[in-house]
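The values are calculated or read from the model by the stated rules, or taken from the named source; none is laboratory data. The structure displayed is predicted, hence computed values, not measured ones. Quick reminder, even Gly has a Cβ in these numbers, built from the backbone with ideal geometry, and neighbours come from all protein chains shown.
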Amino acid sequence: MPVSFASNSAPMKGAMVPIAYYAVSGSSTNNIYFSNIPQGYQDLCLVINARSAYSAATAQAYTYINNDSSALYSDTRLYGDGSSATSDRASGGILYLGDIPAATSTSGIFGSTVNHFINYANTTTYKAILTRAATDLNGSGYSQLWAQLYRSTSAITILNCYNTTGANWVAGTTFSLYGIRSIGQ
């Protein structure tokens, strides 16, 4: 589903400027597609409040940067569920945006994830991404923190967002994309 962009109108230096928003209203949306992302900001921030139609208690939200599904992504994750904490590392063909509730979890519960794409328009460095995700599963739940890397010097111009096995996003899911102004803007 293509997303429209708002104008770049906030005057404050360092401001978090809303540049795109999408709210899922039907039951057949499985791909949220941000294209032609404006390149005039220091960083990007993607905030997602989501639930998946995947037939399990949780699903994984993820994105392909610039439609790239090659093995240029790597991550370190910290995970806590209130009784234990773990960490792991991985690399592969997707960038994780966080785990979210799915079809068999308590109805009406959505997970939140905040994804910070650092120096996204720079064409001389790899892209670092910090992701924070949390979900209350009505008495259980978890929080997660990822430090991720997209090993490409290409500027980020496209974010293509999915969840586990291409399952649909549930109505009420929202995607908010912000540009973070640099101090010099």
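Provide a single number: the residues in segment 41-58 that are assigned to a strand (DSSP E or B) and more than 13 Å from the chain's Cα centre (by Cα). Adding up the residues that qualify gives 3. Among the residues of segment 27-66, the ones that are within 30 Å of THR104 (Cα to Cα) and of a type outside the set (A, V, I, L, M, F, W, C) come to 16 in all. Of note, THR58 satisfies the criterion of being touching a helix residue (DSSP H, G or I) at 6+ places or on another chain (Cβ under 9 Å), farther than 26 Å from GLY14 by Cβ and of a type in the set (Val, Ile, Thr).
Can you find a residue that is closer than 21 Å to ALA85 by Cα, under 14 Å from the mean Cα position of the chain (by Cα), in a strand (DSSP E or B) and among the polar types (S, T, N, Q) anywhere in segment 159-166? No; the residues of segment 159-166 include none that is closer than 21 Å to ALA85 by Cα, under 14 Å from the mean Cα position of the chain (by Cα), in a strand (DSSP E or B) and among the polar types (S, T, N, Q). Considering segment 28-58 alone, what residues qualify as being within 19 Å of GLN148 (Cα to Cα) and either in contact with a His (Cβ under 8 Å, 6 or more places away or on another chain) or not polar (S, T, N, Q) (or both)? Within segment 28-58, ASP43, LEU44, CYS45, LEU46, VAL47, ILE48 qualify. Within segment 131-142, residues that are surrounded by 18 or more Cβ atoms within 10 Å (Cβ to Cβ) reach partners that are of a type in the set (A, V, I, L, M) and part of a strand (DSSP E or B) with beta carbons closer than 7 Å, at six or more positions or on different chains, in the pairs THR131/LEU97; THR135/ILE100.
Looking only at residues of segment 94-122 that are among the hydroxyl-bearing types (Ser, Thr, Tyr) and part of a loop (DSSP other than H, G, I, E, B), we find that the one that is farthest from ASN163 (Cα to Cα) is TYR120. Within segment 65-93, if we keep just the residues that are over 16 Å from LEU149 (Cα atoms) and either of a type in the set (A, V, I, L, M, F, W, C) or assigned to a loop (DSSP other than H, G, I, E, B) (or both), the residue that is modelled with the lowest pLDDT turns out to be GLY82. Taking the conditions exactly as written (surrounded by 15 or more Cβ atoms within 10 Å (Cβ to Cβ), farther than 23 Å from GLY172 by Cα and of a type outside the set (Ser, Thr, Tyr)), does PRO38 satisfy them or not? When the stated conditions are applied, PRO38 passes them. Within segment 1-31, the set of residues being crowded, with 16+ Cβ neighbours inside 10 Å, more than 12 Å from GLY179 (Cα to Cα) and at pLDDT below 95 comprises VAL3, THR29, ASN30. When segment 143-158 is limited to residues that are farther than 16 Å from SER112 by Cβ and of a type outside the set (Ser, Thr, Tyr), the one that is surrounded by the fewest Cβ atoms within 10 Å (Cβ to Cβ) turns out to be ARG151. For segment 10-20, the criterion of being farther than 22 Å from GLN148 by Cα and in contact with a Pro (Cβ under 7 Å, 6 or more places away or on another chain) is met by at least one residue.
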